[in-house]
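The next block holds one structure in the form of structure tokens; read it before the comments.
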Amino acid sequence: MAQEKVYPVYLIAGFLDSGKTSFINGILSDGFAMEDRTMLLCCEEGEIEYDKKLLRNVTVVNVDDPAQLTPEFLEAERKKCRAVQIIVEYNGMWQIQDFYVNSMPQSWVLYQIIATAEGPTFEMYAKNMASLMSEKLRNADMICINRCTGELCTALRQKNLRLLNRRADIYLEREDGQSEDYMDGTVSAFDLDQPVVRVSDEDYGLWYVEIMDNPQMYAGKTVVYRAIMCKPPQYGRYFTPGRFAMVCCAEDMSFLALACIGYDVSKIPERAWVEVTADVAVEHWDPYEGDGPVLHVKSVTPCQKPSEEVVQM
């Protein structure tokens, strides 16, 4: 039986004048629709227009009423233009969940949600339309905040959007056209103001990358996490509980572990699942080839293994 063809959907969501159309013009100019027929579903028209030179392989479908967004209507429009992929410029006043839960045809697959926001009006929308804004930011795979000054970049980092969405890539687009990664070493995906940082099973990979890249943020903090016991004999008094992680496929598997010291684990079996409580220090460890996070362990206790043993990166 032939497998049903699926059509990828790229959903760009944000309030009016947040930069959605400019973002779409940008990806089209980079060749996004150069080879594949594309349907561009426009649910909101701002001051910026689509660059007509970039629409050769793109069919624009305008919708101004969310009641129009039925699976039957959308699939009929896709068939008319024979599109194999869909870009959606979504209305900022509509809930995006309504679209991907109720409106999308069965053969459409949501590949990516990009949330856009304007730096100068970010605080106003956050206060006055908090639920609409947070829904978009919380569900996004990428967040682009436009028209930022240096002061706005600092203020946005102080808000720590990472606590709202730990998995999204976040970019601050400066007024001069330069782009900054939101994660500049001063912002954590975890609440470091808490006395104990508890790392959930699903966040282990994110936490591992963050503490390895910016160990100074965790210096003096207490962390708790679940991992597989590992006691490499070549490391002497150090032990390295960690998690297996898959980056893209089963063949691409890595063991993500940190150096631990200061606790007797001689009676804990190798590969047993344990919960580790430790204080973080930044110290030299030869396998790091320099300074890195060394965990001074306060307790190691047996625990149940997570429902998902392998970390998805």
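The values are calculated or read from the model by the stated rules, or taken from the named source; none is laboratory data. In this text the structure is predicted, and so the values were computed from the model without any measurement. Note: ideal-geometry Cβ built from the backbone for every residue, glycine included; neighbour counts use all protein chains shown. In case anyone asks, the SASA skips ligands and DNA or RNA and just uses the protein heavy atoms, side chains included. Shrake-Rupley method; radii C 1.70, N 1.55, O 1.52, S 1.80 Å.
Scanning the stretch 23-53 for residues that are more than 24 Å from the chain's Cα centre (by Cα), in a helix (DSSP H, G or I) and of a type in the set (S, T, N, Q) gives a single hit, Ser29.
So that you can scan it fast, the table gives a plain yes or no per residue for (1) in contact with a Cys (Cβ under 6 Å, 6 or more places away or on another chain); (2) over 30 Å from Cys148 (Cβ atoms):
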{"site": "Val63", "(1), (2)": "yes, yes"}
{"site": "Glu77", "(1), (2)": "no, yes"}
{"site": "Cys81", "(1), (2)": "no, yes"}
{"site": "Val88", "(1), (2)": "no, no"}
{"site": "Asn91", "(1), (2)": "yes, no"}
{"site": "Ile113", "(1), (2)": "no, no"}
{"site": "Pro120", "(1), (2)": "no, no"}
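Restricting to the stretch 85-119, count the residues that are among the β-branched types (Val, Ile, Thr) and loosely packed, with under 15 Cβ neighbours inside 10 Å. Spell out how you get there, then give the answer.
Residues of the stretch 85-119 among the β-branched types (Val, Ile, Thr): 86-88, 96, 101, 109, 113-114, 116.
Narrowing further to those that are loosely packed, with under 15 Cβ neighbours inside 10 Å: 101, 109.
Looking only at that region, the number is 2.
Considering the conditions (1) charged (D, E, K, R); (2) in a helix (DSSP H, G or I); (3) touching a Pro at 6+ places or on another chain (Cβ under 9 Å), Arg147 is excluded by exactly one of them, (2).
Would you mind stating whether Lys136 is closer than 21 Å to Leu11 by Cβ and loosely packed, with under 13 Cβ neighbours inside 10 Å?
no
Scanning the stretch 171-201 for residues that are of a type outside the set (Ser, Thr, Tyr), at pLDDT below 95 and open to solvent by less than 20 Å² (accessible area, probe 1.4 Å) gives Val187, Ala189, Phe190. Given the criteria in a helix (DSSP H, G or I), of a type outside the set (S, T, N, Q) and modelled with pLDDT under 90, does Arg157 qualify? No.
If a residue must be assigned to a loop (DSSP other than H, G, I, E, B) and under 16 Å from Asn91 (Cβ atoms), how many such residues does the stretch 101-139 contain?
Kept after step one, since they are assigned to a loop (DSSP other than H, G, I, E, B), are these residues of the stretch 101-139: 104-107, 129.
From what's left, under 16 Å from Asn91 (Cβ atoms): 104, 129.
Residues meeting the conditions: 2.
State which residue is least open to solvent (accessible area, probe 1.4 Å) when the search covers only the stretch 254-313 and only residues that are among the aromatic types (Phe, Trp, Tyr) and within 16 Å of Gln216 (Cβ to Cβ). Top of the filtered list is Trp285.
Of the residues Leu132, Leu152, which single one is over 17 Å from Arg166 (Cα atoms) and in contact (Cβ under 8 Å) with a residue 40 or more places away in the chain? It would help to see each step written out before you state the result.
Numbers: Leu152 fails: in contact (Cβ under 8 Å) with a residue 40 or more places away in the chain.
Going through Leu132, Leu152 in turn, just one is over 17 Å from Arg166 (Cα atoms) and in contact (Cβ under 8 Å) with a residue 40 or more places away in the chain: Leu132.
Scanning the stretch 1-42 for residues that are polar (S, T, N, Q) and either on the phi > 0 side of the Ramachandran plot or in contact (Cβ under 8 Å) with a residue 40 or more places away in the chain (or both), we see that the one that is most open to solvent (accessible area, probe 1.4 Å) is Ser22. Checking each residue in the stretch 115-152 for being closer than 18 Å to Asp17 by Cβ and touching an Asp or Glu at 6+ places or on another chain (Cβ under 7 Å) picks out Glu118, Cys144, Ile145, Asn146, Arg147, Cys148, Thr149.
Candidates are the residues of the stretch 139-170 that are among the basic types (Lys, Arg) and open to solvent by less than 40 Å² (accessible area, probe 1.4 Å); the one that is nearest to the chain's Cα centre (by Cα) is Arg162. Residues in the stretch 217-240: is at least one touching a Leu at 6+ places or on another chain (Cβ under 6 Å) and aliphatic (A, V, I, L, M)? The answer is no, given that none of the residues of the stretch 217-240 is touching a Leu at 6+ places or on another chain (Cβ under 6 Å) and aliphatic (A, V, I, L, M).
Of the residues in the stretch 285-307, not one is in contact with a Lys or Arg (Cβ under 7 Å, 6 or more places away or on another chain), closer than 23 Å to Leu192 by Cβ and hydrophobic (A, V, I, L, M, F, W, C). If the condition is being part of a helix (DSSP H, G or I), under 25 Å from Asn128 (Cβ atoms) and either free of Cβ contacts under 8 Å to residues at least 40 places away in the same chain or in contact with a strand residue (DSSP E or B) (Cβ under 7 Å, 6 or more places away or on another chain) (or both), then the stretch 62-99 contributes Pro66, Ile96, Asp98, Phe99.
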